[in-house]
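Heads up, the thing below is written out as structure tokens.
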Amino acid sequence: MTDAIWRPPLRARLAGRGVDSVTLLALPAVILLFALFVYPFGYGLWLSFTPKDGGALANYAKFFSDPFLYDTLSRTFWLAAPVTVLNVAAAIPTALRVRLVRRSRLLTTILVLPITLGTVLVAEGLLTYLGPQGWLNRVLMTLGLISHPLRLLHNYWGVFLSLFITGFPFAFLLTLSYVSGVDPALENAAATLGAGPRRRFWAILLPLLLPGLAITLCLSFVQAFSVFPSAVLLGAPAGPTRVISIAAYQAAFEDYDYSMASAIAIIMGVAQLAVVAMILAGRGLLYRGPAAGGKG
Amino acid sequence: MLQQASLSSRLWSLGVWVVMGLFVVNLLALIAAVVTSSFATRWLGTWLPAGWTLDWYGSAWREFQLADVLTVTFEIVALVVVLSGLIGVPAAYAMARRDFPGKRLVMLLFLLPLLVPPITYGIPLATVLYRTGLAGSMSGVVLANLAPTTPFVILVMIPYVEQIDPRVEAAARVFGANTPRLFVHVLLPLLLPGVLAALLLVLVRTLAMFELTFLTDGPTSQTLVVALYYAVFAAGVRAVQSIDAMAVIYMATSMVWLLIALRFVNPTQIVARARREPGR
Amino acid sequence: MGIRAANFRQLRFDKLSRAFGSMQALKDVDLTIEKGEFVALLGPSGCGKSTTLNILAGLTPATSGGIWLDSTRIDTLRPEQRGFGMVFQNYALFPHMSARANIGFGLKMRGAAKAEIARKVDEAIAMVRLQGQEDKLPGQLSGGQQQRVAIARAIVVEPPLVLMDEPLSNLDAKLRIEMRAEIRRIHNSLGATTIYVTHDQEEALSLADRIVVMREGAVRQIGAPDELYARPAHMDVAEFMGFRNRLAGKLTALEGERTSVSIGGATLSGVARAPMAVGDPIVVAARPEDMTVDAEAAASIPVTVTSCEFHGHAFLCGGVGSDGAEVWFRSGRRLALGAEARLGVDADKALVFPTRERPSP
């Protein structure tokens with residue numbers, strides 16, 4: 001006599017695999033983000049291949065054949081890359097210092113201000129502060145460091161400074177969190193073995209921080225590469241600081257060519273992805289395990 | 001922590017503090033420049049303005065229709081805060097308590113809007129919203145802003161949920177609570193500090209969120225930061241001091257909420273680390 | 001053996017103190033350690049033993065007082081200048097370096113030649129018996145193996161002093177006993193001077209030549225293990241050493257060290273451990289295993305049995321005396337709850353302390 005194999009009801013089977021009414025609580029969020037994030041990317045990708053006139057690749061061909069357009073890539077890169085390197089390089093010693101300070105909340109609050117206030121306000125502030133009659137130039141001239149005011153507005157440098165002011169706190173906070181994750185006992189051990197502060201940094205701290213620094217580099221670069229309001233307000237959007245986001249914006253809202261705008265947005269995304277992939281590939285060659293030294 | 005230091009160590013330390021001090025001083029100075037300008041009668045070529053006045057605030061209020069702009073800003077921000085909370089908190093609970101096939105993909109879906117900068121996904125998003133006719137109105141702006149804020153709420157709330165001992169929930173169920181009652185009587189009271197923290201941070205971030213609103217707004221659905229951008233953009237036409245007055249109003253609004261938020265959260269949470277350390 | 005510890009004669013702590021804000025972690029600690037000794041700092045958590053070690057290593061400064069190595073003052077030196085070997089509680093192995101690289105780190109910092117480093121590292125690996133594992137990363141090693149790497153790293157530089165901060169606390173019981181023997185063996189063959197911090201009295205008793213018992217930042221007693229085990233100088237040290245019974249009574253007779261005390265109607269003989277006068281209220285401390293069921297009427301204490309646990313070799317029973325005090329004692333057979341028993345204790349094993357000691361400074 002063979003018994004029918006008893007199969008648990010569908011609900012129980014699903015629950016066994018972790019799907020029940022609680023799991024479904026995530027469904028609205030998933031649907032929302034799919035609609036607001038994934039779908040637009042997919043739609044944008046399709047749209048980029050259906051230009052106003054020409055074949056599927058017409059938009060991309062146009063981008064890479066028109067200097068007014070493809071120059072934006074290199075301009076954005078030469079703005080984003082140096083400022084990112086500066087941000088992260090400045091963040092490392094700062095984070096290492098600040099983690100030793102106990103009452104650092106005031107300092108972190110001040111450093112969080114640029115992020116809270118946003119790029120538009122920082123741009124407006126710099127317009128007043130960096131002007132030829134602004135306080136910065138006045139102080140430098142009074143101190144005798146310069147004889148003519150520095151031209152910092154409506155050019156590369158204004159945007160660079162704005163990216164530094166908003167980018168450094170972000171890099172600093174991220175680096176601080178990674179630095180705090182390194183077991184202090186490791187440095188103590190290195191000290192008892194004869195390593196002074198500099199050797200402790202190069203032989204112990206830096207190798208353990210490199211993976212986190214790679215991530216900080218990626219996130220900072222991506223943020224800087226997307227610069228938009230500062231490039232318009234503080235830079236020269238028609239020329240030296242015509243960044244790729246401006247090109248995308250103009251295609252969408254001045255030329256009403258959504259197809260081209262999507263293509264430019266895709267190119268922008270791909271460029272960011274390429275740099276991130278390169279950095280992470282470099283990180284893959286480095287130590288990636290825990291930053292503590294033994295059984296916890 | 002190692003305390004004694006050699007001379008070169010101390011010099012390096014001093015150097016780092018000096019550079020950081022310079023950064024802070026310049027930051028505060030640039031903010032002060034805006035504030036000073038807003039109170040100036042005229043300010044050309046001198047260290048401090050020729051005279052002081054409050055008139056620019058009045059004129060900015062009228063000129064930029066700030067009463068309307070502020071109302072609209074708060075309506076938008078309130079909707080974004082409430083909606084991202086309603087959608088995000090349950091999702092965070094599900095992610096913290098359940099392991100299901102495809103969970104890593106879903107986590108990636110929640111992470112990406114925080115890693116990808118707003119303008120990169122803002123352009124495709126705005127395109128879709130225009131095609132569906134939602135852009136240009138408040139609903140478009142609110143929807144656009146939900147893209148980064150909902151994941152933010154989820155990522156901030158997951159650790160708070162994980163902190164609650166699952167056995168407390170098990171006890172509630174054993175004593176007869178179903179899921180809605182569990183939420184109301186047990187979870188929400190315990191999660192309240194976390195929810196408050198997350199929502200305040202969303203508020204502060206949405207106030208400053210420029211790109212998404214800029215790409216999807218219409219003339220009657222501008223937030224304060226976008227109105228400020230337009231004012232600065234058209235700076236040749238209007239008096240600088242008037243724009244600066246508006247900037248100060250924006251700053252004050254932002255700072256008030258930041259200070260309120262800081263009573264409940266650590267400043268570093270504003271950045272919401274996208275990666276969590278293993279084992280943390 | 002290629003590795004021999006450097007020479008010095010004496011390490012001296014002079015009124016070492018350390019305050020954290022208003023909290024005194026160490027109060028005027030005086031201690032002298034001879035070369036070649038294995039000294040254990042023993043005490044409950046918060047007693048200041050780890051603070052002492054950290055000050056000695058240079059990882060935290062003293063608030064006052066000093067440390068001398070022969071005639072050289074060392075507490076003003078930075079940790080990297082002191083040249084001690086230290087084994088940390090969580091081993092603190094550099095996770096990105098192989099075991100070999102970890103061990104050789106100290107030699108590398110001193111600028112030794114590559115060939116010499118390799119030779120000494122090999123010797124250290126042999127000494128801790130870790131052959132075959134040296135190219136692995138710490139994450140790939142077991143707890144016991146990580147421990148050996150930590151020890152090898154500390155001794156390869158042939159330091160005058162080896163510091164160990166509760167190195168066995170993260171190991172399971174069996175491994176702990178194995179590693180204990182290893183640590184002593186390495187100490188002996190190295191000829192080193194070792195300072196070992198622990199809260200486990202069994203570890204201290206089995207490993208050390210001398211034990212320093214600490215409590216609340218002050219030294220309570222210093223002595224050889226057998227001395228501390230049999231003749232603790234204070235009630236709190238006695239409790240730490242396993243003298244679980246505290247019987248209140250009065251001193252009835254005193255002759256030199258020998259005493260007679262009256263407890264709950266019975267008279268016991270004991271050994272006085274502090275100055276006292278006839279008629280003083282006193283406390284008798286005794287180990288449960290030293291109190292046995294004994295019929296002799298005059299020298300025994302009546303108790304009512306309240307519990308009896310089987311411990312394999314004997315029964316550990318609890319009872320209540322006529323004054324309501326709890327007493328723990330040993331019995332060869334299970335006793336019925338509520339039964340009456342009379343307990344006696346060897347005069348040598350009953351230590352008499354005054355009820356109120358002079359409060360520690």
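The values are calculated or read from the model by the stated rules, or taken from the named source; none is laboratory data. It should be emphasised that the depicted structure is a prediction, and the values quoted were computed from it without experimental measurement. Quick reminder, even Gly has a Cβ in these numbers, built from the backbone with ideal geometry, and neighbours come from all protein chains shown.
What the table below lists for this structure:
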| item | result |
| --- | --- |
| Answer residue from the stretch B:226-244, given it is in contact with a Leu (Cβ under 9 Å, 6 or more places away or on another chain) and touching a residue at least 60 places away in the same chain (Cβ under 8 Å) and is nearest to B:Thr73 (Cα to Cα) among those | B:Ala227 |
| In the stretch A:95-115, the residues that are among the β-branched types (Val, Ile, Thr) and either buried (at least 24 other Cβ atoms within 10 Å of the Cβ) or farther than 19 Å from A:Phe221 by Cα (or both) | A:Val98, A:Val101, A:Thr108, A:Thr109, A:Ile110 |
| Unique residue being without any contact (Cβ under 8 Å) to a residue 40 or more places away in the chain, facing chain A (nearest Cβ under 10 Å), on the phi > 0 side of the Ramachandran plot and more than 21 Å from the chain's Cα centre (by Cα) when the list is B:Gly102, B:Gly133 | B:Gly102 |
| Residue ID - nearest to the chain's Cα centre (by Cα), chosen from residues in the stretch A:165-179 that are at the interface with chain B (Cβ under 9 Å from one of its Cβ atoms) and farther than 11 Å from B:Thr268 by Cα | A:Phe168 |
| When residues of the stretch C:64-118 are limited to those that are at the interface with chain A (Cβ under 8 Å from one of its Cβ atoms) and touching a Lys or Arg at 6+ places or on another chain (Cβ under 8 Å), the one surrounded by the fewest Cβ atoms within 10 Å (Cβ to Cβ) | C:Met109 |
| Counted residues, the stretch A:128-141 - those being facing chain B (nearest Cβ under 7 Å) and either surrounded by 17 or more Cβ atoms within 10 Å (Cβ to Cβ) or within 18 Å of B:Met255 (Cβ to Cβ) (or both) | 4 |
| Selected residue [within 11 Å of chain B (Cβ to nearest Cβ) and closer than 30 Å to A:Gly269 by Cα] from A:Pro114, A:Pro93 | A:Pro114 |
| Filter result (surrounded by 22 or more Cβ atoms within 10 Å (Cβ to Cβ) and not polar (S, T, N, Q)) within the stretch A:249-268 | A:Tyr249, A:Ala251, A:Ala252, A:Tyr258, A:Met260, A:Ala261, A:Ala263, A:Ile264, A:Ala265, A:Ile266, A:Ile267, A:Met268 |
| Residue ID - farthest from the chain's Cα centre (by Cα), chosen from residues in the stretch C:46-105 that are outside any strand (DSSP E or B) and of a type in the set (Phe, Trp, Tyr) | C:Phe105 |
| Residue satisfying all of: in the stretch B:232-252; facing chain A (nearest Cβ under 10 Å), assigned to a helix (DSSP H, G or I) and among the hydrophobic types (A, V, I, L, M, F, W, C); surrounded by the fewest Cβ atoms within 10 Å (Cβ to Cβ) among these | B:Phe233 |
| Residue satisfying condition, being assigned to a strand (DSSP E or B), of a type in the set (Val, Ile, Thr) and in contact with a helix residue (DSSP H, G or I) (Cβ under 8 Å, 6 or more places away or on another chain), within set C:Val213, C:Val219 | C:Val213 |
| Filter result (modelled with pLDDT of 90 or more, buried (at least 19 other Cβ atoms within 10 Å of the Cβ) and either in contact with a Ser or Thr (Cβ under 6 Å, 6 or more places away or on another chain) or away from chain C (no Cβ under 11 Å) (or both)) within the stretch A:198-218 | A:Leu213, A:Ala214, A:Thr216, A:Leu217, A:Cys218 |
| Candidate set: the stretch B:253-264, residues that are in contact (Cβ under 8 Å) with a residue 12 or more places away in the chain, part of a helix (DSSP H, G or I) and surrounded by fewer than 22 Cβ atoms within 10 Å (Cβ to Cβ); chosen: the one farthest from the other protein chains (Cβ to nearest Cβ) | B:Ile260 |
| Residue within the stretch B:46-62 that is in contact (Cβ under 8 Å) with a residue 40 or more places away in the chain, surrounded by 12 or more Cβ atoms within 10 Å (Cβ to Cβ) and in contact with a Gly (Cβ under 9 Å, 6 or more places away or on another chain) present | no |
| Hits in the stretch C:289-334 - residues which are among the aromatic types (Phe, Trp, Tyr) and either touching a residue at least 24 places away in the same chain (Cβ under 8 Å) or under 21 Å from C:Ala347 (Cβ atoms) (or both) | C:Phe310, C:Trp328, C:Phe329 |
| Test: residue in the stretch C:133-146 that is of a type in the set (Gly, Ala, Ser), more than 11 Å from chain A (Cβ to nearest Cβ) and more than 16 Å from A:Ala195 (Cα to Cα) | no |
| A:Pro40 more than 11 Å from chain B (Cβ to nearest Cβ), farther than 30 Å from B:Val24 by Cα and either crowded, with 20+ Cβ neighbours inside 10 Å or at pLDDT 85 or above (or both) | no |
| Any hit, the stretch B:73-89, residues being crowded, with 19+ Cβ neighbours inside 10 Å, without any contact (Cβ under 8 Å) to a residue 12 or more places away in the chain and part of a helix (DSSP H, G or I) | no |
| Segments classed as strands (runs of 3 or more DSSP E), wholly inside the stretch C:232-311, with at least 1 members that are in contact with a strand residue (DSSP E or B) (Cβ under 6 Å, 6 or more places away or on another chain) and of a type in the set (Lys, Arg) | C:245-255 |
| Among (1) under 30 Å from C:Asp70 (Cα atoms); (2) buried (at least 16 other Cβ atoms within 10 Å of the Cβ); (3) acidic (Asp, Glu) - the single one C:Glu227 does not satisfy | (2) |
| 1 or more residues surrounded by 24 or more Cβ atoms within 10 Å (Cβ to Cβ) and in contact with a Leu (Cβ under 6 Å, 6 or more places away or on another chain): qualifying helices (runs of 4 or more DSSP H) within the stretch B:90-175 | B:118-131, B:138-163 |
| Test: residue in the stretch C:236-252 that is of a type in the set (Gly, Ala, Ser), over 24 Å from C:Gly46 (Cα atoms) and modelled with pLDDT of 85 or more | yes |
| From the options A:Thr128, A:Thr72, residue that is hydroxyl-bearing (Ser, Thr, Tyr), in a helix (DSSP H, G or I), modelled with pLDDT of 85 or more and over 24 Å from the mean Cα position of the chain (by Cα) | A:Thr128 |
| Members of the stretch B:89-99 that are of a type in the set (Gly, Ala, Ser) and at the interface with another protein chain (Cβ under 9 Å from one of its Cβ atoms) | B:Ala91, B:Ala92, B:Ala94 |
